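These notes are about the structure you will find just below.
Each value in this text was obtained by applying a stated rule to the coordinates, not by laboratory testing. What you are looking at is a predicted structure, and each value in this text was computed from that prediction instead of being measured. Note that we place each Cβ from the backbone using ideal geometry, even for glycine, and neighbour counts take in every protein chain shown.
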Amino acid sequence: MKKLLLTICAFVALFLSSCSDPVAPTISFSEWYFNVPFTGGDITFSVTSNMPWELKAEEGDPITYSPKSGDAGTYEITASIPATDAFTTTKHNLTGTSNAETTFISFVVRITQDPKPALYLSQYKATAPKEGKLIEVLVSANDSWSSVCDTEGVVVYPSSNITGEYRVFITVPENTGTSSRLIDVAFSIPAMTEHLLIIQD
């Protein structure tokens, strides 16, 4: 009876030890947010996991990166983001997962890419009679813009604004000179400038 009892106790102990909670997977990154210009670029960060891990981009994303997976440990990841032709902000997500037999954990590295600069005018040349004229131009920009005109008396309204599409009115006063003149109205965003040239009699 005593021998049987010892055998049962040993079996129970073995059973309990085999049913102990498994080690939970963990994964972390040295950095989890990046910003790159519209021209693209390279970024580096490290991934640390206590289990085999895998890194995936969203389907169709042109980003390239290496390594894409590994065993437990710390690895340095290099990712390359190509230039974009998009005029709006582009998002790139790299999702890392660490896998155990019964569970997994994930973490996302987020990369924001600036839009390609865009500034358009509805017209780039205009004419005005000697007595003056009110000229309307449509300004479309994907960044904050401003305008400059060095010709005395010319008024641009609004002279600046934020991202979007706006009707801009340019008041050209009378030309009191004896010859025609060229008026240059420059519209600018941080990355580029476009000109509206007005020829006045």
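Loop only per DSSP, at most 13 neighbouring Cβ atoms within 10 Å: give me the chymotrypsin sites (Phe, Trp or Tyr not before Pro) in segment 97-153, ordered by residue number.
Details: sites: 104, 107, 120, 124, 145; in loops: 124.
Listed in order of number, the matching sites are 124.
Take every DSSP beta bridge whose two residues both sit in segment 119-200, then give the antiparallel share in percent to the nearest 5. It would help to have the intermediate numbers written out before the result.
Details: 30 of 34 bridges.
Looking only at bridges with both residues in segment 119-200, the antiparallel portion is about 90 percent.
With viscosity set to 1.567 mPa s and temperature to 4 °C, compute the Stokes-Einstein D of the chain, Rh being the Kirkwood radius across alpha carbon pairs; µm²/s, no decimals. The partial results should precede the final answer.
Working: Rh = 22.4 Å.
The calculation lands on 58 µm²/s.
Assign unit charges at the C-beta atoms only (+1 for Lys and Arg, -1 for Asp and Glu), then state the dipole size of the chain relative to its Cα centre in Debye, rounded to the nearest 20.
Values: 12 positive and 22 negative charges, 150 e Å.
The dipole of the chain has a size of about 720 debye.
Return, for the Cα atoms of segment 23-113, the radius of gyration and Dmax in Å, separated by a comma.
Final numbers for Rg and Dmax: 13.7, 46 Å.
Less than 15 Å Cβ to Cβ from residue 141, Lys/Arg counted +1 and Asp/Glu -1: what total charge do the surrounding residues give? All intermediate terms of the calculation are to be shown ahead of the outcome.
Details: positive: 116, 167; negative: 114, 143, 165, 194.
With Lys, Arg at +1 and Asp, Glu at -1, the neighbours total -2.
Quick check on segment 73-173: what are the equivalent-ellipsoid semi-axes from the Cα gyration tensor, as sqrt(5λ), descending, whole Å? Mind showing how you got there, number by number?
Working: eigenvalues 535, 26, 21 Å².
Ellipsoid semi-axes (Å, largest first): 52, 11, 10.
Nearest 10 degrees, 0 to 90: what angle lies between the long axis of helix 2-18 and the longest principal axis of the chain (Cα atoms)?
Once rounded, one gets 10 degrees.
If you take every DSSP beta bridge whose two residues both sit in the chain, what share of them, in percent to the nearest 5, is antiparallel? Can you show the working numbers first?
Values: 62 of 70 bridges.
Counting only bridges with both partners in the chain, antiparallel ones make up about 90 percent.
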